[in-house]
Amino acid sequence: MKESRARFGWFWCNDEEMFPKDPSALDRKMELYAQRGITHVILFGITHFRWGFRPHWDVIRDCLRRVCEAGHKFGIKVIEHHSAILSYYPATPDYRQRMENLFRMRFSSPDSWEGFREYQLDMTREDRKWIQIHGGTGKPIEAYGGFANCPSNDEFVEEYLKELEREYACGLDGIMTDDVQFFGPCGCESCRRKFRERTSYSLPEKEQWDAWFGDTRNPSFRAWMRFRHDMVREFHCKVKLHYEKLGKKMLRPNYVADALAANGACYCVEDAPALDWFFQECMFGSIIRYSFPGFYMEELHRRMVAERRKIPHMMMFYAEKPETLRFTWGLARLAGAMYTNAPRNAEELDETPLRNYEKEHAEELFDSEMMSSIAFLDSLENRHMDVAYEAGRLKFFLQSCFFRNIPCDLAGTEDEEKWKKYPVLCVMDLHLLRDKEIEKLLSYAENGGTLVLTGTSGILGDDGGDRSEEEWEKLWGFPRNHTPKEIMTYRKGKGKILTLGYAFGYPDTEEEAFCHLEKFPDLHRYGAVYKLMPMRKDCVGVWTARFTTGEPPVYNGEYDKGEEARNIVEKFLSDLAPLALRCQVPDLVLAVPWKSADGKKIFVRLLNASGTLSGMEGKAVSHDDMPPFPAHTGEAWRFLVETGDAVAEKAEFETLSAAAVPLRTSRREDGKLEIFLPPEYLKDFGIIRIG
């Protein structure tokens with residue numbers, strides 16, 4: 001089976017599955033999954049924090065055997081998924097309540113597991129020797145109301161691999177090792193020893209820790225940041241090497257929720273040694289209606305990595321009602337991603353109509369390429385090493401393109417060949433750029449590209465240390481732009497370079513832009529952005545929390561406030577780049593153009609997200625707030641499409657619930673095809689098919 005044709009479901013293993021009263025229930029559930037077109041299931045459930053259940057691992061393995069037998073009976077691949085390092089420690093009332101609530105949400109109880117509560121509080125048990133220890137306090141680092149084992153600890157890794165071997169014997173087809181990361185500045189004995197052996201530096205003792213920690217001008221601190229990433233990646237390498245030595249080829253999907261962020265946790269997925277599917281986890285703890293712009297923005301990263309590694313990319317949601325099911329599926333279709341959903345009521349929420357639609361429209365939904373002329377530069381190393389990553393305009397520019405229907409992509413610093421696809425390449429506040437990367441960017445412009453650059457891009461050099469302004473100007477060949485909003489233009493061979501002022505396209509005051517984008521990068525203290533300003537304002541509603549303590553959740557985005565800045569970004573980019581699509585539609589009617597593999601058809605995918613965000617600032621919200629899918633009326637919407645000569649002029653429109661209907665078209669003098677869509681045609685998701 002082609003990997004992109006796999007259909008993933010999530011199979012919950014809670015108390016009902018662990019302690020079955022009806023032995024035939026698993027068969028019935030797997031049969032239902034198969035009937036709905038699911039080919040692969042990823043397991044999820046109450047035993048996710050696997051080290052908290054160590055006395056009951058035999059119960060878990062028994063469940064795994066039964067689930068594998070049931071899945072295989074209906075041709076479904078079974079992939080185990082659990083936290084490789086986490087355990088509970090409910091020593092406070094809040095943590096106890098958190099643990100009890102988690103069991104309740106998963107229709108389970110600690111009472112089902114003999115001695116469970118007492119075991120969580122036992123600090124003498126073996127695995128407590130392996131937990132992450134704060135280098136500055138000498139105390140265990142807390143994570144999700146418990147502790148996390150340290151990826152650098154060889155004894156822990158050895159015990160974990162032994163358990164994986166026992167689980168593989170249950171018949172598993174794949175393994176997804178979750179949560180492998182650092183939840184704080186670990187200074188455990190294993191980290192101290194390995195850091196000293198590998199770098200010749202020593203981690204400071206508790207008394208000196210605070211003065212050392214966060215000083216990115218100190219080469220030993222920069223070495224420590226790289227060391228932590230090495231430890232996490234080596235953990236994944238050991239898992240891969242282990243099952244290969246056993247003669248097994250395990251399927252390896254994996255996800256991340258927030259990759260476009262400073263990676264202080266050293267989470268490793270995109271550069272993991274084994275990866276068959278890479279997907280965006282649209283967090284369970286976020287409200288879909290208000291968080292979807294952040295989901296889509298992050299999916300651009302998943303697509304970039306998937307293209308680089310030649311694997312499929314996917315979006316994972318927790319939609320539990322028909323409205324959010326259709327909305328999230330439509331969002332994945334805009335992004336060109338595979339879709340998977342993990343509702344707790346999976347048997348009740350039928351995806352079959354959506355899966356059938358996918359099969360009937362494979363060319364429109366899977367065998368096509370986004371028509372983008374703009375790319376934004378990304379750097380894995382910069383996200384690893386740049387403590388000022390959160391002070392930047394990248395996310396706001398990406399979301400401005402999304403809201404204004406400007407198709408765009410991400411491209412990595414290592415994707416030099418890919419840059420050539422795009423007439424415009426934007427380098428937005430990307431602080432760490434190696435000398436050779438700057439040379440390649442200059443070559444991109446030299447060969448005819450338009451390079452958009454912010455003044456702080458490249459202020460950090462090859463080792464992550466400072467690059468002086470003199471060194472910066474010598475490398476780039478022109479002075480840094482320290483103005484608030486001016487655009488400086490420099491010819492470069494066949495192309496040009498535009499440098500933007502620090503407040504250009506920033507959705508707030510010049511004073512705040514100065515603090516975030518000029519002053520902050522010089523502070524050189526890890527996490528200082530949150531001390532400098534109470535809240536980042538360059539992004540619209542990255543996540544709106546589903547759960548809060550006390551008061552109900554409040555919408556935390558500033559969608560309406562960003563309107564003026566989005567206008568500036570839209571005009572700047574649309575004047576700069578030859579856009580494949582321009583459309584006159586109501587706010588948040590979202591459109592993305594895709595071209596067929598043979599170049600003879602264009603598919604404009606549409607999602608009716610109107611009414612989801614505007615007017616919500618500061619209001620109480622709930623996970624039960626559904627996308628409204630408002631009815632639209634009035635004059636026909638106009639779409640201007642750059643079709644080229646290979647695409648015929650005819651167009652038609654089709655939705656999830658209605659067959660294709662022809663649309664009126666007109667070829668303009670500038671060669672673009674104008675298409676007229678009656679607004680009442682779009683209910684939720686639809687496709688304009690051209691050619």
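Sites listed here are trypsin sites (Lys or Arg not before Pro) in region 104-163 whose DSSP assignment is loop and whose Cβ has at most 15 other Cβ atoms within 10 Å: 125.
Using the per-residue mean of other Cβ atoms lying within 10 Å as a proxy for protection, in what order, highest first, do the peptides 275-281, 380-386, 425-431 fall? List each step's numbers first, then the result.
Details: 275-281: 23.0, 380-386: 21.3, 425-431: 25.0.
Put in order of decreasing packing, that is 425-431, 275-281, 380-386.
For the chain, the fraction of 1.4 Å probe accessible surface lying on carbon and sulfur atoms is 50 percent.
Where Lys and Arg each count +1 and Asp and Glu each count -1, what net charge lies around residue 264 among other residues with Cβ under 12 Å from its Cβ?
Details: positive: 228, 383; negative: 258, 386, 390.
Local charge sum for residue 264: -1.
Taking 10 °C and 1.306 mPa s as conditions, region 568-691 diffuses translationally at an estimated 100 µm²/s according to Stokes-Einstein applied to its Kirkwood radius (Cα pairs).
Dividing the summed -39500 (n - 2.57) terms of all DSSP H runs of n ≥ 4 by the residue count of the chain sets its mean residue ellipticity at 222 nm at -9500 deg cm²/dmol.
Here the dipole of the chain is about 1020 debye; that uses its Cα centre as origin and unit charges on the Cβ of Lys and Arg (positive) and Asp and Glu (negative). Computed packing ranks the peptides 597-603, 673-679 as 673-679, 597-603, most packed first, by mean other Cβ atoms within 10 Å. When the Cα positions of 628, 655, 618 are compared along the charge dipole of region 614-682, 655 comes out farthest toward the positive end, with charges on each C-beta of Lys, Arg, Asp and Glu.
Applying the criteria of a DSSP loop state and at most 10 other Cβ atoms within 10 Å to the trypsin sites (Lys or Arg not before Pro) of region 445-511 yields 494. Compute, for residue 94, the solvent-accessible surface of its heavy atoms (probe 1.4 Å) with the complete set of protein chains present, and express it in square angstrom to the nearest 10. Rounded to the nearest 10, that gives 120 Å².
Excluding ligands, DNA and RNA, the accessible surface per residue across the chain is 39 Å² with a 1.4 Å probe.
In the neighborhood of residue 606, defined by Cβ-to-Cβ distances under 11 Å, what is the net charge if each Lys or Arg adds +1 and each Asp or Glu adds -1?
Details: positive: 333, 605, 683; negative: 654, 684.
My count for the surroundings of residue 606 gives +1.
In the chain, a dipole from Cβ-located charges (positive for Lys and Arg, negative for Asp and Glu) runs towards its positive end, and of 306, 388, 202 it is 306 whose Cα lies farthest in that direction. Shown here: semi-axes √(5λ) of the Cα gyration tensor in Å, derived from the displayed model; of the candidates [x] 41, 32, 22; [y] 64, 44, 28; [z] 40, 35, 23, it corresponds to [z]. Counting only protein heavy atoms and using a 1.4 Å probe, the accessible area of residue 394 comes to about 20 Å².
Please give the net charge around residue 586, taking every other residue with its beta carbon less than 13 angstrom from that of residue 586, where Lys and Arg add +1 and Asp and Glu add -1.
Working: positive: 404, 638; negative: 587, 635, 680.
Here the charged neighbours net out to -1.
Of the residues 79, 102, 131, the one whose Cα sits farthest toward the positive end of the charge dipole of region 1-133, with +1 on the Cβ of Lys and Arg and -1 on the Cβ of Asp and Glu, is 79. With contacts taken as Cα pairs under 8 Å and at least 6 residues apart, the chain reaches a relative contact order of 10 percent.
Ordered by solvent-accessible area of protein heavy atoms (1.4 Å probe), largest first, the residues 360, 320 come out as 360, 320.
Among DSSP bridges having both ends in the chain, what percentage is antiparallel? Round to the nearest 5.
On the way: 54 of 100 bridges.
Percentage antiparallel, nearest 5: 55.
In this structure, the pairs whose alpha-carbon distance is over 32 Å, taken from 139/561; 73/248; 418/683; 418/485; 310/359; 440/601, are 139/561; 418/683; 440/601.
By a 1.4 Å probe calculation restricted to protein chains, residue 421 has an accessible surface near 100 Å², given to the nearest 10.
Would you work out the Kirkwood radius for region 24-70? I mean one over the mean of 1/r across all pairs of different Cα atoms, in Å. Intermediate results must be reported in sequence, preceding the final value.
Numbers: mean 1/r = 0.0836 Å⁻¹.
By the Kirkwood definition, the hydrodynamic radius is 12.0 Å.
The values are calculated or read from the model by the stated rules, or taken from the named source; none is laboratory data. Since the structure is predicted, the reported quantities are computational estimates derived from the model, not experimental observations. Counting neighbours? That spans all protein chains shown, and the Cβs are built from the backbone with ideal geometry, glycine included. For accessibility, only protein heavy atoms count, side chains too; no ligands or nucleic acids. Shrake-Rupley method; radii C 1.70, N 1.55, O 1.52, S 1.80 Å.
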